[in-house]
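Since the structure comes first, as structure tokens, the remarks are kept for the end.
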Protein chains: 2
Amino acid sequence: MSRSATIQAPVQPRWLDEQEQLAWRSYLAASRAIEEAIQGQLQRDADIPHIYYEILVRLSEAPDRMLRMSDLAERSLSSRSRLSHAVSRLEERGWITRRACPDDGRGMLASLTEQGMAAVVKIAPGHVNAVREQIFDRLTSEQVKALQEIGEAIAGGPANF
Amino acid sequence: MSRSATIQAPVQPRWLDEQEQLAWRSYLAASRAIEEAIQGQLQRDADIPHIYYEILVRLSEAPDRMLRMSDLAERSLSSRSRLSHAVSRLEERGWITRRACPDDGRGMLASLTEQGMAAVVKIAPGHVNAVREQIFDRLTSEQVKALQEIGEAIAGGPANF
DNA sequence: ATGAAATACTTTAGCGTTCAACTACCTTCT
DNA sequence: AGAAGGTAGTTGAACGCTAAAGTATTTCAT
């Protein structure tokens, strides 16, 4: 509304340069290969999706193997809705139980059962092996360090889990 | 059955060391953040999933904007089944058409329609912008180079697209 | 030439995810 | 105290993906 000059957002986007293009496409190929390998291994060996495994692991690391749903959602990098569905499935397997949160009438606590813990212990070696084969066996230690730093730059700080 | 000593695969897996653990978790957080941002942008602005966009772009880059299904599947990093479903949806939108392959009675050719090409042109700027915001604005050029090399190491060679 | 195996693609069913709507509870403001 | 708005979590519908099975065609071996 004022007479002051306004700077328009450019209609032409800043396209990726060649180096960025290469990096983006190789990242895409790599990340899909990783997900496919990890997901496939977990599906074959434990009949669960990757994210379900992450949920179990985050719970296994928590004090008393128990967390608020929203806290667990954050740590396992999933939406609340996704977590809610996932926990329902894991509950059916007897790996997790839900209980009301004493402090907060709205809250729910998810806790890992003994059976669930046993499942994590059983599944973990194959999973770690897949991660190693797919990633760390293929990288120098400098690249591993670089990967960490790149990840933190993109995710906005160190992983909080 | 022989008397020769056999070397057992170790029961104990080689766990990730601390550096690897950090790198893996920051990678996970970053890759999920990237997918979420890209997927969200495309879903909001064009009502298609990320992979559908990749399919359209690969087609747009091909000679005559036309490719064999299996070729397109490879270039867009998806399974044949997934591609088949995806192309069906994109056909319903009028962005792709299928025709029989003259050389090979089993084959099908997917080709981008004018409408489909127009959609790519329209969608691309927002997509590139999201990629830039999520990745390249946060990395130094050394990190971009490192990302490319790490990606290639994991994906097994430069991206073939 | 002919049968067997491989390739190309599709289809169906089951499952996980997203999005929006919904319930319940808590907090804050007046 | 009471209303308004925020937070926690769940649910149902729509949709995309996976795995397995199915069809059609081509290639290969004999």
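Just so it is clear, none of the values below were taken in a lab; they were calculated from the coordinates. Since this is a predicted model, take the numbers as computed values, not measurements. Cβ sites come from the backbone with ideal geometry, for glycine too, and all protein chains shown count toward neighbours.
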What does the structure give for B:132-139 when I average, per residue, the other chain Cβ atoms found within 10 Å of the residue Cβ?
5
Which distances, shortest first and in nm, link residue B:64 to the matching position in the other copies, using label points set 7 Å out along Cα to C-beta?
6.8
For residue B:37, inter-copy label distances in nm, listed shortest first [label point 7 Å out on the Cα-Cβ vector]
2.5
With just the Cα atoms of the stretch A:26-152, tell me how far they stretch along each of the three principal axes, in Å, largest first.
48, 30, 24
Before rounding to the nearest 500, sum -39500 (n - 2.57) across all DSSP H runs of length at least 4 in chain A and divide by the residue total; then give [θ] at 222 nm in deg cm²/dmol.
-20000 deg cm²/dmol
Name the long-range amide H neighbours of residue B:107: under 5 Å, sequence gap of 5 or more, or other chain; modelled H, no Pro or chain starts.
B:101
Roughly speaking, what is the centre-to-centre gap between the stretch A:114-161 and the stretch B:43-102 when only Cα atoms are used, to the nearest Å?
32
Taking θ as phi - 60°, what are the ³J(HN,Hα) couplings along the stretch B:104-111 by the Karplus curve (6.51, -1.76, 1.60), each to the nearest whole Hz, with x for Gly and Pro?
9, x, 7, x, 10, 10, 9, 9
Mind pulling the angle between the C-alpha long axis of helix B:50-61 and the longest principal axis of chain B? Nearest 10 degrees, somewhere in 0 to 90.
60
From the phi of every residue in the stretch B:80-89, what ³J(HN,Hα) in whole Hz does the Karplus formula 6.51 cos²θ - 1.76 cosθ + 1.60 yield, where θ is phi - 60° and glycine or proline is x?
5, 4, 4, 4, 4, 4, 4, 5, 4, 5
Against the longest principal axis of chain A, how steep is helix A:114-134, in degrees 0 to 90 to the nearest 10, with axes from Cα atoms?
40
Let me confirm one metric for peptide B:15-21, namely the mean number of other chain beta-carbon atoms within 10 Å of its residues' beta-carbons.
5
Given points 7 Å out from each Cα along the Cα-Cβ axis, report the residue A:145 to residue A:64 separation in nanometres with one decimal.
4.2
Put a point 7 Å out from Cα along the line to Cβ at residue B:126; what are the distances to that point in the other copies, in nm, shortest first?
4.2
Long-range amide H contacts for residue B:96: which residues qualify at under 5 Å (H placed 1.01 Å from N, peptide plane, sequence gap of 5 or more or a different chain)?
B:91, B:113
Here the stretch A:67-73 yields Karplus 3J(HN,Hα) values (6.51, -1.76, 1.60; θ = phi - 60°; whole Hz; Gly and Pro given as x) of 8, 5, 4, 5, 5, 5, 4
Value of D in µm² per second that Stokes-Einstein yields for the protein assembly as shown, Kirkwood Rh from Cα pairs, at 10 °C (1.306 mPa s):
71
